[in-house]
1. Suppose the filter is modelled with pLDDT under 95, more than 30 Å from residue 393 (Cβ to Cβ) and surrounded by fewer than 18 Cβ atoms within 10 Å (Cβ to Cβ); does residue 60 pass it?
2. So which of 513, 525, 502 ends up being assigned by TED's automatic domain parsing to the domain that holds residue 461 and at pLDDT 95 or above?
3. Is it the case, given these coordinates, that residue 725 is buried (at least 19 other Cβ atoms within 10 Å of the Cβ) and assigned to a loop (DSSP other than H, G, I, E, B)?
4. Can you tell which of 1064, 1036, 1093, 1074 is more than 30 Å from residue 583 (Cβ to Cβ) and assigned by TED's automatic domain parsing to the domain that holds residue 966?
5. When you check residue 846 against the structure, is it surrounded by fewer than 19 Cβ atoms within 10 Å (Cβ to Cβ), at positive phi and more than 20 Å from the chain's Cα centre (by Cα), yes or no?
6. Residue 836 passes all but one of (1) under 20 Å from residue 1098 (Cα atoms); (2) at pLDDT 95 or above; which number fails?
7. Tell me which residues, restricted to the stretch 708-722, are out of contact with any helix residue (DSSP H, G or I) (no Cβ under 7 Å at 6 or more places or on another chain) and either part of a strand (DSSP E or B) or closer than 17 Å to residue 796 by Cα (or both).
């Protein structure tokens, strides 16, 4: 026996023994729930339909959806607080609460009435909830009558052990139809789980029982604790995303692809085909899971609109993943081909000659045999860590019935595993290791560079998986360090193939496990397909062997060392000279200049300068001072470690739109400030240090115009002790607050609801009243809510109650805006990406202005950077006190900086190549250029202002008050500069492309003119949800911009930045004219100056020949 044969024998034996070990000790490593699922999906649906028919629940002839799931919040609480996975298993066996349930939904499009029914895994009825429209008629029972009905139904009809529970909460709510709905909450007094309480909720709507819900009341302190724990996971994951963006995407993909392209070392067709294929598989996974998606369908939306929403998401997913996968595959293979000459060429590894080689067979078999070894390692680690170090992973059942609810249960495990195996091995292994090897060759000490890359890729790969719900947060980082190094060694010595196969097969085992433990009928076909498809690489090799009729060696020309870049094709020095268009007629210049004056007049006439909420003169310092004074008046003095955070809040919401559309301007102005909230400062007093309960307490003071204190909110932890007032006593407290704070006679208000909340050491109340005398609309209600914690009022606020049917209709309408925004965003991204790719190609050909790239990339990034940190007070005002501040800073600031860097690079690439892309043109000179550009920009602004005449008035016009939230409001104009740079880059690319493809409007005018108008339409951002208005304004913009090209830009393309600079400057003057907050005018002036400077620089840049 040769040494090589002996090595393979040892490898096979080790693999077999590892498989036996993994199978034997699997349950010791991973917390597996022993769950007997006797009811399948079809049985659950049939039983639910029968119950709905018997009890007249839900709509007639309903659609249905079903899902099987776990109450993860209860699981996490039980395992982390009451005894680990063993305690969770005991909870399931006890029958006191079933965390696993079948959830069946019966619904109809455009119908509010629907029902959700639950069953335990063994098929027992476990509750339901029927949603009744609020305007449906019904009885107005007293609380005692409703309680008697609920008890009788629960005991006699549903055999619930209601006598083992004690009533702890009862509330009522009067619906607009006059029906009174009652909610009763019961609690077991003889049993609890940790500090959690077993509860049962019964809801009576009118005289009909409409809800039975079993639940465990989990302490609020656990939610805060879990949030704090998860913060560390999310922070590690965020750090890895930042590292991936900088090192792998920017460095490993963008820079390396540029380098490889310049060296003519890039192969792009096969990576593109594979990128399209793997991305398409992920879209098929989304389609495959559509039966489960209907569980989250909002019946207020049309089914067509909901499906369009899903389709748009799939298209966005497909485009994004195709770009990522193609880039990763291109970079990984091309870098490997250059860095490791002894590897087999990846794109030739399955060709007829190479696939039939013993080398490819060994790499393929090695990948499969290593799967059990990796499992054995993982199991050993978790057995040790769980028992010795106290690591935690959430328990789960091996079988997930939802897998069988998909169209093709086998598809997800194959498609997701292929994506993970192929993409992650390319991006996380090949890109950093091959890149380090090439850097080592360039700068010396190749071995040290590779070792550094090994360590880095292991840490990044582990951190990228840290967002899993494991504890401690670094558990997955530690778990994946050794496998990552092993994957790296496999790649280093044998190339990408064995690592991809190993990663793919390993994930297939995990994802397919539910199917292999299922006893459902017909599942054998899915298992067979998974096995068949999981071994496709082996079948390819064996098929090639049959065709070749013998095992052979890899041909020398299929090794990386044999590959050579193609010779550069010689290009004729005689470039095609395009005809320079004639000079602009002088009469046209005069027309454009007069048009500029007309544009200003039109813009002034038809631009909406209305400012209904008025001037918010209070700045941050004054708001915080007034808030502190307000607390002081109530005897509340807060010392360190209390901190003061503040931001401007603009509560322009659904109730504003409802009143505006139904009542008009006068009624809206009448209710604004009384029942509709105005723009205001929200001043938070919080603690980021101390116990979780201490950090859960906070004060919020709302400061409005003129320094008026609008609202004072005191948020208390649930565990804080206090009184437990009876309903009548709590009502007295609420009435007194109505008189003192709102100066309202409680006797003139109608009580809508009184809802208690039984906490461990006190009872809280929430009373809601309707002001029927001072509300002028027929629909909706002006309401006042008062919250009482113990015996003290801790919050009071006003609002307009929006009718349910109106709110549902608006959600359907707003879905249109979501779809239009998605289309617009996708088109903008694709166009900018296309321009950036063209820029990289031009740069690789040395037809590029590097200085322009550096300047505009720096300007964009620095402007975004400053603008982001200028928003720091506003962002920090939203921080959670449950999470460490440092973690939140990383998450809130780290990712945007990466996005800014990429966006700035996109714009820099456009700036660098467009001067080389334009035709030779005459120049008007600086003075005429400025005059014509400003005039044309003003003319376009005026013409677009005319669209305001037919814009549907769907919500009141509010100016932007958030300028005051900035650390330095004077620099608020930087946000306008960033928007200008993105817009101008997009339009420069579109106008230059139009000019390029029509050769100065001398050929194919109709085709490219149509495509240009279509592009302008698709990138048009929707101003409101009206599709017709979006379509009309998009077409008008397209036609106007095409005319702008015909009458101006085709004579001098370099005027694009100046013209759009003038257009945007005119639009940006609006905040200064309205002047809604202090510093609005100087901030606008600074923004306008910055826009002009950048626009003029870009004009001068494009003027260069």
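The values are calculated or read from the model by the stated rules, or taken from the named source; none is laboratory data. Computed from a predicted structure; not experimentally measured. In this analysis, Cβ positions are derived from the backbone assuming ideal geometry, glycine residues included, and neighbour counts consider all displayed protein chains.
1. yes
2. Values: 513 fails: at pLDDT 95 or above; 525 fails: at pLDDT 95 or above.
So the residue among 513, 525, 502 that is assigned by TED's automatic domain parsing to the domain that holds residue 461 and at pLDDT 95 or above is 502.
3. On the way: buried (at least 19 other Cβ atoms within 10 Å of the Cβ): yes; assigned to a loop (DSSP other than H, G, I, E, B): yes.
Yes: the conditions hold for residue 725.
4. Numbers: 1064 fails: more than 30 Å from residue 583 (Cβ to Cβ); 1036 fails: more than 30 Å from residue 583 (Cβ to Cβ); 1093 fails: more than 30 Å from residue 583 (Cβ to Cβ).
That would be 1074, the only listed residue that is more than 30 Å from residue 583 (Cβ to Cβ) and assigned by TED's automatic domain parsing to the domain that holds residue 966.
5. Numbers: surrounded by fewer than 19 Cβ atoms within 10 Å (Cβ to Cβ): yes; at positive phi: yes; more than 20 Å from the chain's Cα centre (by Cα): yes.
Against the criterion (surrounded by fewer than 19 Cβ atoms within 10 Å (Cβ to Cβ), at positive phi and more than 20 Å from the chain's Cα centre (by Cα)), residue 846 qualifies.
6. (2)
7. 708, 710, 711, 713, 714, 715, 716, listed by residue number.
Each row is one residue, and each column tells you yes or no for (1) modelled with pLDDT under 95; (2) under 30 Å from residue 816 (Cα atoms).
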{"residue": "256", "(1), (2)": "yes, no"}
{"residue": "261", "(1), (2)": "yes, no"}
{"residue": "270", "(1), (2)": "no, no"}
{"residue": "281", "(1), (2)": "no, yes"}
{"residue": "297", "(1), (2)": "no, yes"}
{"residue": "300", "(1), (2)": "no, yes"}
{"residue": "305", "(1), (2)": "yes, yes"}
